[in-house]
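The values are calculated or read from the model by the stated rules, or taken from the named source; none is laboratory data. The structure presented is a predicted model; accordingly, all values stated were derived computationally and were not measured. Note: ideal-geometry Cβ built from the backbone for every residue, glycine included; neighbour counts use all protein chains shown. The accessibility values were calculated without ligands, DNA or RNA, using every heavy atom of the protein model including side chains. Shrake-Rupley method; radii C 1.70, N 1.55, O 1.52, S 1.80 Å.
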Amino acid sequence: MGKGRVLILDDEYAVCRSIEMMVQQSGLESMSVTDATAFFQAVRDWNPTHIILDLVMPGMDGVEVVQQLADMGCTATIAISSGVGKRVLSAAQRSAAEHGLRISDVLPKPFSMSALNKFLHASRDAEAPSTENGKLRPEVYEVITMADVQEAIDQRQFRMMFQPKIDCLTRLARGFEALARWYHPERGLIMPDRFIPLAERAGLIGAITDQVVDLSLQWFSSIPVHSHLSISINVSAKTLGSLDFPDKLQQTCRQYSIPSTQVILEVTETAATDDQLLALDMFTRLRMKGFHVSIDDFGIGNSSLALLARLPFSEIKVDRSFAMTASKSRDSRAIIKSTVDLSHSLDLRVVTEGVEDAETLDYLQEVGCDFAQGYYIARPMSGDQTLDWMSQWSAARKHNLL
């Protein structure tokens, strides 16, 4: 590997010096600091490739440091080190991953030279917090107004990206999640978390949903053979309040000759709990028309189990945080397995998001998960790129390369 730079944050000077010496034996540059102020200054000025972070610090603990690193757009590979219990270390690791940081490992103290080397020489190919063109998102954004969103709707500035889902057992492509992106002519790519909340408050989410459904189904209909595939579309809680939504969706499916049984509507737990009676009525109508309904980000809410008993879901999407830490966290693996078992007992299909390595995909196959989605399989792509991916994936599977 190239000459890496390892930044160490630990409140004990002797520990810092010890780790520095171990790092230098590995042929990498090292710097150690004992307080958070000096640490953040070093992150900005020294640009480390690796960070070893002590979880328990006076003044600012490791979780607060993680939050600040995320705000700074840090791309270093991070290992969390501490003498606290493994469950606390695993929780801190999940926190870092969910903040979008490149978290590689946990190093329970005291750790060995071999454990340190494993971390230092880990692949640098893991995903860093970035936009889809690979660049860090800027920390300061131009304000988006209701007029901007209305103009985007009028000028049809929204585009769709598609992320594949595969069968965990056969590794066959089984569907795609449609993801909306706003390509502004001057500001470039604008991600959904910046415009969807505004559109919901301004009463414009219905118009955006109409375009998203149209673009997604139009592309899906262009796939030469798609009878074995599905298309998943995210639906806002506000859209569920529109009484004509099921009929409009069915009409668009007919326009593109797509059976409703191949369309999956993904809703968050929040959308399902805002008005449970409304959700019950809407989901029942959608299921009666043949559409599937999936509860997204399952496992991180407070009332998911009650929702499964009350609402007519056909699919569960396990939150990405569990798959992203499954290779290192026994708790995450246990949650995935129990969710799969529970779902199958209720005749629900299971999709696990956030699959970023072969080990996690193999584990999902082992526990009987139905479908997998994540960067290990494919990143979100344009429609044309997705069609190319289908050909390449099929060829790789035929040659037993998967």
Residue with peak Gaussian network fluctuation, the chain [Cα springs, cutoff 10 Å], from Lys317, Lys328, Lys109: Lys109
Tilt relative to the chain, helix 276-288 - C-alpha long axis, 0 to 90 degrees, to 10: 60 degrees
Highest-fluctuation residue, Ala326, Ala36, Ala309 considered, GNM on the chain with Cα pairs under 10 Å: Ala309
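Would you mind computing Rg(Cα) / (2.2 N^0.38 Å) for segment 15-103, counting N as its residues?
Numbers: Rg = 12.5 Å, N = 89, 2.2 N^0.38 = 12.1 Å.
Cα Rg divided by the expected 2.2 N^0.38 Å: 1.03.
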When each of Lys238/Lys289; Lys165/Lys238; Lys109/Lys317; Lys289/Lys398 is checked by Cα-Cα distance, pairs over 32 Å: Lys109/Lys317; Lys289/Lys398
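Per residue, how many Å² of accessible area does the chain show with a 1.4 Å probe?
Values: 18830 Å² over 402 residues.
Value returned for the chain: 47 Å² of accessible area per residue.
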P(r) histogram, all alpha-carbon pairs of the chain included - 10 Å bins from 0, percent: 4, 20, 28, 25, 15, 6, 1
Cα-based helix-to-principal-axis angle, 62-72 vs the chain, degrees rounded to 10: 60 degrees
Relative contact order (%) - criterion: Cα under 8 Å, at least six apart; region: the chain: 12 percent
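Counting pairs of alpha carbon atoms under 8 Å apart in space and at least six apart in sequence, what relative contact order in percent does segment 336-402 give? Walk me through the numbers on the way to the answer.
Numbers: 43 pairs, mean separation 18.2, N = 67.
Relative contact order for segment 336-402 comes out at 27 percent.
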Degrees separating the helix 330-345 axis from the principal Cα axis of the chain, which is the longest one: 20 degrees
Whole-percent pair-distance distribution, where bins are 5 Å wide, for the alpha carbons of segment 256-341: 3, 14, 23, 21, 16, 12, 7, 3, 1, 0
GNM result for the chain, Cα springs below 10 Å: residue of Glu356, Glu98, Glu186 fluctuating most strongly: Glu186
The chain: antiparallel DSSP beta bridges as a percent of all, rounded to 5: 25 percent
Loop sites in segment 230-315: chymotrypsin sites (Phe, Trp or Tyr not before Pro), DSSP, at most 15 other Cβ within 10 Å: Tyr256
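Compute and list, largest first, the equivalent-ellipsoid semi-axes of segment 149-264 from the alpha carbon gyration tensor, each √(5λ) rounded to a whole angstrom.
25, 17, 13
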Tail fraction, Cα-Cα pairs, segment 289-389, threshold 17 Å, whole percent: 51 percent
